[in-house]
Amino acid sequence: MAEPLTPRRAWGITFLLFLYMLVNFAEKIVVGLAGVPIMTDLGLTPKGFGFLGSAFFFLSSVSAVSFPSSSISSPPAGCSSA
């Protein structure tokens, strides 16, 4: 059986979620700030950079949803969920 969730542990998880969201937001800011140098180096048009940015953010969100769920396992055989 899992250990009970204490207020201290709950706040720890909340802090980790906050850090995750902060890094996620900072990542999007950095891509936006680096847009002009990226477009210059790769010879992209604004439309091409928009497509590249959309693909990056789409794949980022898909991986954020699918990666944690791949680490969740089902209960061992013989254990009931109730």
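Of all the residues in segment 41-58, those that are part of a helix (DSSP H, G or I) and either among the polar types (S, T, N, Q) or within 15 Å of the chain's Cα centre (by Cα) (or both) number 5. Residue pairs whose Cβ atoms lie under 9 Å apart, sitting 6 or more positions apart in sequence or on different chains, and linking a residue in segment 23-39 that is farther than 12 Å from Ser60 by Cβ to a partner that is assigned to a loop (DSSP other than H, G, I, E, B), are Ile38/Leu44; Met39/Thr45.
Coordinate-derived values only; no laboratory data. Please read these numbers as outputs of a predicted model, since none were measured by experiment. Don't worry about glycine lacking a Cβ; one is built from the backbone with ideal geometry, like all the others, and counts go over all protein chains shown.
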